[in-house]
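Undergrad: Next up is a structure, given as structure tokens.
The values are calculated or read from the model by the stated rules, or taken from the named source; none is laboratory data. As the structure is a computational prediction, the values presented were derived from the model and not from experiment. Methodologically, a virtual Cβ is constructed for each residue, glycine included, from the backbone with ideal geometry; neighbour enumeration extends over all protein chains shown. Just so you know, the surface numbers come from the protein's heavy atoms only, side chains and all, with ligands and any DNA or RNA stripped out. Shrake-Rupley method; radii C 1.70, N 1.55, O 1.52, S 1.80 Å.
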Amino acid sequence: MPANTLPNFIHAGVPKSASATINAMLRTHPDVFLPRQKEPSFFNTDDRFAEGLDWYSATHFANAQGEKILGDMSIGYATGFGFDTARRIAETLGTDLKILLTFREPIARAYSQYGMSHNKGQLEQLGFAEAIDRALAAGPGITEADRLRVRTGTYYSSKSDMDAFRWCMYVEPGHYADIYETWAGLFGADNILVLLTDDIAADFQRQADRLFAFLGLDPITVEPDMKRNVATALRYPAMRRLLNRLYAFGPLRQFLNAPRLDRFRKSLRRRFLTRNYVENSQVQAPDPEAVMRLRDHYEPQIVRLEKLLGRDLTMWRAKYARETGEP
């Protein structure tokens, strides 16, 4: 198989950290090829990984035309429930890859993920503070089996699985120092670029230039109003809850998740989910008590990340102070 039919660039995540913006940015560059499917999720989905590299290449990279960079932007790779996704990629594609990690202030990231589950996904029934309390309480006891259930969607089936889901989706992805050390340890710090969403919002072109330079590409001008995801809610929440119950039925979920049904699944999503979304212009601030609990939880991670990146992250702490009313 020709080497250029497999990616040499991975955007590993984390979720809710400007991935749509970066995807749109990269698609404007003539020397970049990205698959039609925004997130192939090949390395963190067992059924897809079992299809093998020939399937992965033919499904996602067959239309490449000699571009310098072939990318897989699957933002769940950085969290990798149930196994070390980074190691699986290293063992499969080798370690001579360019890896992009995007980090957002972790409490805002957690709250955005919660909002997606609560408002858009109709999975989360608890308020943010109670959901965070349950996640933090469950965290020390989360096992690899729990992570596997989260990854395969069986968290619909029980309260304990929902607590594992809260930890794995709301809290754990904000462990940025752990994530960075895992990927840098396998691929080398020189092959890792970290972009912060604060920097992207402050100077979009500068961060685009950094990314293009990291990938060995010529710089191009990018539009500052490029696509960004916005908070959404549902026109008909009951419809989404009904679909969730149907999806909780194991055989149906297994059928719909079959790798070869990607286009059919996308059509169903567009027909029954995407058309149900409306922009949510009334996003409330997170509960101050939950913010304080998460602040204390994340502070050791932030201190380590500052040392790893050589970067002062006081801007994140200042945001916490504003949200909790502390001096």
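Undergrad: If L123 satisfies all but one of (1) in a helix (DSSP H, G or I); (2) open to solvent by 20 Å² or more (accessible area, probe 1.4 Å); (3) in contact (Cβ under 8 Å) with a residue 12 or more places away in the chain, what's the number of the condition it fails?
TA: Going through the list (1) in a helix (DSSP H, G or I); (2) open to solvent by 20 Å² or more (accessible area, probe 1.4 Å); (3) in contact (Cβ under 8 Å) with a residue 12 or more places away in the chain, L123 breaks only (1).
Undergrad: Same structure, new question: Considering every residue within region 59-79, establish whether at least one is within 18 Å of the chain's Cα centre (by Cα) and basic (K, R). Spell out how you get there, then give the answer.
TA: So in region 59-79, the residues within 18 Å of the chain's Cα centre (by Cα) come out as 71-79.
Those left that are additionally basic (K, R): none.
Looking for residues that are within 18 Å of the chain's Cα centre (by Cα) and basic (K, R), one finds none in region 59-79, hence no.
Undergrad: Still on this model: Give the residues of region 126-139 that are farther than 30 Å from D47 by Cβ, open to solvent by 20 Å² or more (accessible area, probe 1.4 Å) and not in a loop (DSSP other than H, G, I, E, B), sorted by residue number.
TA: Of the residues in region 126-139, the ones farther than 30 Å from D47 by Cβ are 126-130, 132-133, 136-137.
The next check asks that each one be open to solvent by 20 Å² or more (accessible area, probe 1.4 Å); those that pass are 126-127, 129-130, 133, 136-137.
The answer is A129, E130, D133, L136, A137.
Undergrad: Considering only residues that are hydroxyl-bearing (S, T, Y) and either closer than 18 Å to G76 by Cβ or not in a loop (DSSP other than H, G, I, E, B) (or both), which ones fall in region 4-51?
TA: The initial filter retains those residues of region 4-51 that are hydroxyl-bearing (S, T, Y), namely 5, 17, 19, 21, 28, 41, 45.
Hits for region 4-51 are T5, S17, S19, T21, S41, T45.
Undergrad: Does region 52-82 hold any residues that are surrounded by fewer than 16 Cβ atoms within 10 Å (Cβ to Cβ), touching a residue at least 40 places away in the same chain (Cβ under 8 Å) and assigned to a loop (DSSP other than H, G, I, E, B), and which are they?
TA: A62, G66
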